[in-house]
Every structure is written in C-alpha cells, then in structure tokens.
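Asker: Starting off with a structure, shown below.
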Amino acid sequence: MQGTLDRSSITGSSGGELLATHDVRFFASYGTLRRRSQWRQGYFVGTCLKFFGYGVLRGLCLSQRGYPAVLEQPGFVRVEIFRVLHESVWPILDRYEGYDPEIGKNSLFIRKAVALVRPQIYAWVYFLGQNIPRGQLIEIASKNLESRSDRCFLRRIKRDYGNPLCDCHDS
C-alpha cells in the first residue's frame, strides 16, 4: 500500500525510500479540523498548525451521521494541509478524534502518515477505525479531478470551500 506506516517509518510508493515518522511535518484535514472549525479546539491548536494549502488524499469519504470520515480505499478526498509547528498538538488532536494508540484499530479514528496525491508530500491523516460501523458514501465525480479543465478540482475546492459535501454542477 502506498505510504503505509509502521511504528517507526514510512515506505514510499517506490518501496525504496524510507522516511521516519518524526520527519512527517504535515497534517491533512478533510472535516472538522479544517480552518473554519479549528477555533473550537482552542488557541493552542491554532498556534501549532499553519495553513499550507489544499490537496488531494487517496481515500473513500463517508458521512458518519453528520461528520465526515475517510477509509483507506480507492477514491479521492479533498483536504486542507497544515504544517505542524509543534508536536505537542498531537495529544489534543488525538483526543478530539478518538485516537488511542493503545487500542489501535478499536479507536474511533486512527492517525496515519500517508503520501498525498496532490501535492506529493507525506501528511498525517485521521482514518476511520477498522472496527467502526460505516456511514453513507460521499462521492466526488471524476470529472471534477481534471486539472486541465474549467472544472479543476483545486479551483472547485476554493470556490466550494464553504460546503465540503458540495458537488454542484458547473455551468
């Protein structure tokens, strides 16, 4: 699997590169930890994360009774990318997302470092725990991923930023 994580390192898609998890300096958010919602986590979280840009994560997006979740499966999910300025933010975010490394796959979400599709960097992402019931699928039309068309995925992120579930039709 591309960009999978064990406890100490990450193997790239080529299988040859090895990156220590402490070298992953980015966090990708697709839901309630995006910029417009981070203030709910308090001032400290805002000082530990700096907005880097928009991106694309390989995964399958679900709606879990009103909140988004992602599975590590084929598909694309739009994300906001943040540079992690202070590692001390992880216990706060882990607690918020229901991630406990001691119980692993039984956690509500699992934090994992993966290779993003765009930009081509490694980032930490919270994926839905393996033993958590699955919600309803949120699909993104493949036509919206074309970077050379007027329906560019990254342009649509900027335009539709206010509604993460929006899949309106371009005129």
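Asker: Residue check, residue 147 against (1) touching a strand residue (DSSP E or B) at 6+ places or on another chain (Cβ under 6 Å); (2) within 29 Å of residue 49 (Cα to Cα); (3) at pLDDT below 90, all met but one. Which one?
Answerer: (1)
Asker: Pick from segment 87-102 the residues that are part of a helix (DSSP H, G or I) and of a type in the set (Phe, Trp, Tyr): which of them is farthest from residue 27 (Cα to Cα)? Explain how you work it out, then say what you get.
Answerer: Filtering segment 87-102 for residues part of a helix (DSSP H, G or I) gives 87-97.
Add one more test, that the residue is of a type in the set (Phe, Trp, Tyr), and what stays is 90, 96.
On the way: 90: 10, 96: 15 Å.
This residue is 96.
Asker: Determine which single condition residue 33 fails, assuming it passes every other condition in (1) surrounded by fewer than 19 Cβ atoms within 10 Å (Cβ to Cβ); (2) at pLDDT below 90; (3) farther than 16 Å from residue 115 by Cβ.
Answerer: Residue 33 satisfies all of (1) surrounded by fewer than 19 Cβ atoms within 10 Å (Cβ to Cβ); (2) at pLDDT below 90; (3) farther than 16 Å from residue 115 by Cβ except (1).
Asker: While we're on this one: Taking segment 108-123, which residues are part of a loop (DSSP other than H, G, I, E, B) and either in contact with a Leu (Cβ under 7 Å, 6 or more places away or on another chain) or closer than 14 Å to residue 70 by Cα (or both)?
Answerer: So the first thing to find is which residues in segment 108-123 are part of a loop (DSSP other than H, G, I, E, B), and the list is 108, 116-117, 119-121.
Residues satisfying the conditions are 108, 116, 117.
Asker: Still on this structure, please answer the following. From the list 105, 50, pick out the single residue that is closer than 26 Å to residue 133 by Cβ and either out of contact with any Ser or Thr (no Cβ under 8 Å at 6 or more places or on another chain) or not in a helix (DSSP H, G or I) (or both).
Answerer: Numbers: 50 fails: closer than 26 Å to residue 133 by Cβ.
Every option except 105 fails the conditions.
Asker: Residues of segment 99-111 being surrounded by fewer than 18 Cβ atoms within 10 Å (Cβ to Cβ) and touching a residue at least 24 places away in the same chain (Cβ under 8 Å), which ones?
Answerer: Result: 105, 106, 108.
To keep it simple, each residue is scored yes or no on (1) in contact with a helix residue (DSSP H, G or I) (Cβ under 8 Å, 6 or more places away or on another chain); (2) modelled with pLDDT under 95; (3) closer than 22 Å to residue 81 by Cα.
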{"site": "125", "(1), (2), (3)": "no, no, yes"}
{"site": "131", "(1), (2), (3)": "yes, yes, no"}
{"site": "136", "(1), (2), (3)": "no, yes, no"}
{"site": "139", "(1), (2), (3)": "no, yes, yes"}
{"site": "151", "(1), (2), (3)": "yes, yes, yes"}
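Asker: Quick check on my filter: what residues within segment 115-135 are surrounded by fewer than 18 Cβ atoms within 10 Å (Cβ to Cβ) and of a type in the set (Lys, Arg)?
Answerer: Hit for segment 115-135 is 134, nothing else.
The values are calculated or read from the model by the stated rules, or taken from the named source; none is laboratory data. All values reported here derive from a predicted model rather than from experimental measurement. Neighbour counts run over all protein chains shown; Cβ positions are idealised from the backbone, glycine included.
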